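A.B. asks: Here it is, the structure, as structure tokens.
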Amino acid sequence: MDFSYNEIQAMLDDSVERFIANDYDFDTRQKYAASEGGYSPDVWQTFAELGWTAVPFGEDDGGFGGGPADLMVLMLRFGKGLVVEPYLANVILAGGVLRRAASPEQKEKWLHPIIAGALQSALAYAEPHSRYDIADIRTLAMEDGQGWVLNGSKGVVFNGGNAEILIVSARTAGAENDEDGITLFAVPADSDGVSIRSYPTVDGQQAAEISLDSVAVDSASVIGEPGNGFAVLDAAIDDATLAVCAEAVGIMQIMVEKTVEYSKDRMQFGVPIGSFQALQHRMVDMFTDCEQSYSLLLWATTLAGQGDTDAKRAISSIKYQIGTVGRKVGQEAVQIHGGMGVSWEVDIAHYFKRLTTIDQIFGNADWHLDRLAG
């Protein structure tokens with residue numbers, strides 16, 4: 001089977017590679033991450049102008065009709081560039097819900113501006129008690145006349161502090177852990193009763209804790225069928241899981257490259273440390289782990305693109321791989337770099353932070369191993 005990029009994917013890969021090489025070096029990335037919003041609005045607008053925000057959406061929605069393979073190409077490069085712009089939050093999570101379940105009017109109002117880079121959004125699905133169970137929802141939505149009233153709280157909402165529209169999962173029927181009875185709502189972030197506490201995460205990204213206190217929305221804010229939001233939410237989370245796995249593989253690949261290069265320059269006992277056989281063995285193991293992870297990523301991406309029934313198992317397989325050998329690759333890269341590997345000024349430490357964070361979001365290695373065994 002030929003796994004090489006097609007012409008469109010090769011052009012996409014080349015455009016992201018050139019952008020990162022020319023306009024997004026590590027120092028620039030650090031400046032954006034330290035800014036008030038944690039990203040550059042100008043860079044985000046460039047993403048939209050280059051068509052990157054349109055990749056996974058259908059042509060009827062103003063997108064390019066791309067699939068998981070096209071997203072993989074982007075996320076591999078974003079991983080290598082340590083990109084902090086909220087692509088995951090806007091395009092894959094919030095956008096993933098809207099493209100699947102929103103009405104034409106809702107897409108015109110919210111999805112099209114997201115694609116154009118004119119609207120910041122976030123998917124508020126996780127709750128402080130729920131860990132990785134996306135059906136464990138205590139946030140309640142009660143009908144009130146022609147609308148709904150929401151009460152509850154959401155945790156670790158990616159891009160929540162920048163979002164102008166929040167896609168919120170709430171329970172409208174059933175028990176706390178039921179998959180049935182979950183409804184998705186579009187809630188303006190400036191609505192009365194919405195409280196947002198944003199903060200930077202350890203990997204240079206942005207998240208927020210969100211409280212909903214008697215937040216009133218109208219019936220036009222319901223996305224999809226009331227009570228049937230779980231399948232849409234689950235599919236968007238699977239997309240996001242596969243996307244961050246591609247990002248992680250990109251990080252692993254660049255960490256191996258940088259570690260090998262460093263071992264050629266770092267001198268000890270009058271010779272490069274890369275000449276030491278023990279370190280050569282460790283770097284070969286890192287390379288092997290990267291290649292195995294990339295192979296699993298290709299498999300999972302292929303099944304997801306085909307809509308295969310085993311796609312969910314494949315996604316759990318690559319997520320488990322990232323959480324185990326990904327950690328090993330990161331640790332080896334830091335150790336071979338020595339003290340430089342944990343310094344703020346050197347990018348290898350920041351790659352390791354992002355790789356460690358990816359292990360913990362959308363289910364860690366143990367959680368996905370249990371899902372595979374189930």
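The values are calculated or read from the model by the stated rules, or taken from the named source; none is laboratory data. It should be emphasised that the depicted structure is a prediction, and the values quoted were computed from it without experimental measurement. Neighbour counts run over all protein chains shown; Cβ positions are idealised from the backbone, glycine included. All accessible areas refer to the heavy atoms of the entire protein, side chains included, with ligands and DNA or RNA removed. Shrake-Rupley method; radii C 1.70, N 1.55, O 1.52, S 1.80 Å.
A.B. asks: Let me know the shape class of region 1-108, please: from the alpha-carbon gyration tensor, a ≥ b ≥ c as square roots of the eigenvalues, rounded when a/c is under 1.5, otherwise prolate if a/b is greater than b/c, or oblate.
C.D. replies: Oblate shape, in that a/c is at least 1.5 and b/c is the bigger or equal ratio.
A.B. asks: Mind checking the angle between helix 68-81 and the chain's longest principal axis? C-alpha axes, 0 to 90 degrees, to the nearest 10.
C.D. replies: For helix 68-81, the angle is close to 60 degrees.
A.B. asks: In addition: Quick one: divide the alpha-carbon radius of gyration of region 167-235 by 2.2 N^0.38 Å and tell me what you get.
C.D. replies: 1.25
A.B. asks: Just need the relative contact order of the chain here, percent rounded to a whole number, with Cα pairs under 8 Å and 6+ apart.
C.D. replies: 15 percent
A.B. asks: So what is the accessible area of the chain per residue, in Å², with the probe set to 1.4 Å?
C.D. replies: Details: 16310 Å² over 374 residues.
Here the per-residue accessible area is 44 Å².
A.B. asks: Given ILE358, THR302, ALA116, which one lies farthest toward the positive end of the charge dipole of the chain, if we put +1 on the Cβ of every Lys and Arg and -1 on the Cβ of every Asp and Glu?
C.D. replies: Checked the options; the winner is ILE358.
A.B. asks: If the cut-off is a Cα-Cα distance under 14 Å, which aspartates and glutamates reach LYS109, setting aside same-chain residues fewer than 8 apart in sequence?
C.D. replies: Output for LYS109: ASP61, GLU164.
A.B. asks: According to the square roots a ≥ b ≥ c of the eigenvalues of the Cα gyration tensor, what is the shape class of region 177-217, taking rounded for a/c under 1.5, prolate for a/b larger than b/c otherwise, and oblate for the remainder? It would help to have the intermediate numbers written out before the result.
C.D. replies: Numbers: a/c = 2.75, a/b = 1.38, b/c = 2.00.
Because a/c hits 1.5 or more and a/b fails to exceed b/c, region 177-217 counts as oblate.
A.B. asks: Whole Å is fine, so just give me how far the alpha carbon centre of region 325-348 lies from that of region 108-163.
C.D. replies: Their Cα centres are 35 Å away from one another.
A.B. asks: Give me the dipole magnitude in Debye, nearest 20, for the chain about the Cα centre, with unit charges on the beta carbon: positive for Lys and Arg, negative for Asp and Glu.
C.D. replies: That gives a dipole near 1080 debye.
A.B. asks: Mind putting a number on the dipole of region 167-296 about its Cα centre? Charges go on the C-beta only, +1 for Lys and Arg and -1 for Asp and Glu, and I need it in Debye to the nearest 20.
C.D. replies: Taking the Cα centre of region 167-296 as origin, the dipole is about 840 debye.
A.B. asks: Taking the Cα centre of region 188-247 as origin, sum charge times position over the Cβ atoms of Lys and Arg (+1) and Asp and Glu (-1), and report the length of that vector in debye to the nearest 20.
C.D. replies: Dipole size: approximately 100 debye.
A.B. asks: Which loop chymotrypsin sites (Phe, Trp or Tyr not before Pro) in region 1-102, with loop taken from DSSP, have no more than 14 other Cβ atoms within 10 angstrom of their Cβ?
C.D. replies: Passing both the DSSP loop test and the Cβ count: PHE3.
A.B. asks: Something else about it: Measuring from centroid to centroid over Cα atoms, what is the spacing of region 235-264 and region 2-34 in Å?
C.D. replies: Rounded to whole Å, the Cα centres lie 13 Å apart.
A.B. asks: Let me ask another. Could you order HIS350, HIS129 so the one with the most accessible surface comes first? Probe is 1.4 Å.
C.D. replies: Heavy-atom accessible area, descending, gives HIS129, HIS350.
A.B. asks: Turning to a different aspect of this structure: Work out the charge dipole of region 229-358 with +1 on the Cβ of Lys and Arg and -1 on the Cβ of Asp and Glu about the Cα centre, then indicate which of PHE269, ALA240, ILE322 is farthest towards its positive end.
C.D. replies: Result: PHE269.
A.B. asks: Another question, if that's okay. Using alpha carbons only, how many degrees (0 to 90, rounded to 10) separate the axis of helix 277-306 from the longest principal axis of the chain?
C.D. replies: 30 degrees
A.B. asks: Express in % the proportion of alpha carbon pairs of region 148-298 at distances exceeding 20 Å.
C.D. replies: The calculated P(r) of region 148-298 puts 65 percent of pairs beyond 20 Å.
A.B. asks: Then there's this: Pull up the cross-link candidates among the aspartates and glutamates for LYS312, meaning alpha carbon to alpha carbon under 16 Å and not fewer than 8 places away within one chain.
C.D. replies: By straight Cα distance, LYS312 reaches ASP133, ASP234, ASP238, ASP239, ASP366, ASP370.
A.B. asks: Considering only Cα-Cα distances, which of the following residue pairs are longer than 25 Å: LYS258/LYS319; LYS31/LYS328; LYS107/LYS319?
C.D. replies: Beyond 25 Å between Cα atoms: LYS31/LYS328; LYS107/LYS319.
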